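All remarks here apply to the structure that follows.
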Amino acid sequence: MKHRIGFNALSRSTSQRKALKRNMVTSLFRYERIETTKAKALEVRKMAEKMITRAKVDNVHNRRIVSADLYDEAIVAKLFKEIAPMFAERKGGYTRILKTGNRLGDAAEMVILELVEKTEKKESKADKKASKKEA
């Protein structure tokens, strides 16, 4: 029986599992959408939602706790300045998992893990030129 096992080990050692989750959470915050297996997505979602909840209060203590897992300072800044303010009124459920079918090689169930709300993208140079021509 599997009593009192609070996480999926993902068939990895502790250090490999921590590195995998850190990298996937960083990618989720960078691209706001990642495609992965269902088991990995469920584990990454736990970590990501706790980070977003902590990032809602921007202080030194919370930044240090989040920075312990996210090694990219640009992503930490994006989390505190762009992502967390979007979810200020929301009490939880910051991510969604969309099933996409099975992978061809091993029939693993694939999903898309994404943030519920999207950040506004900065206009590219081509978009700015097109809007100027219309005006």
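What the table below lists for this structure:
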| quantity | calculated |
| --- | --- |
| The range 48-73 - residue that is of a type in the set (A, V, I, L, M) and outside any helix (DSSP H, G or I) and, of those, surrounded by the fewest Cβ atoms within 10 Å (Cβ to Cβ) | Ala68 |
| Search result, residues across the range 8-61 that are closer than 19 Å to Thr119 by Cα and of a type in the set (Gly, Ala, Ser) | Ser27, Ala48, Ala55 |
| Filtered residue count, the range 79-118, keeping only those that are farther than 17 Å from Val44 by Cβ, assigned to a helix (DSSP H, G or I) and not acidic (Asp, Glu) | 5 |
| Qualifying residue in the range 75-98 (condition: among the small types (Gly, Ala, Ser) and closer than 12 Å to Phe29 by Cβ) | yes |
| Enumeration of residues in the range 99-117 that are more than 14 Å from the chain's Cα centre (by Cα) and not acidic (Asp, Glu) | Lys99, Thr100, Gly101, Asn102, Arg103, Leu104, Gly105, Ala107, Ala108, Met110 |
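The numbers here are math on the coordinates, done by the rules we state, and not lab data. None of the values given here were measured: they were computed from a predicted structure. Glycine also receives a Cβ, built like all others from the backbone with ideal geometry; neighbour counts cover every protein chain displayed.
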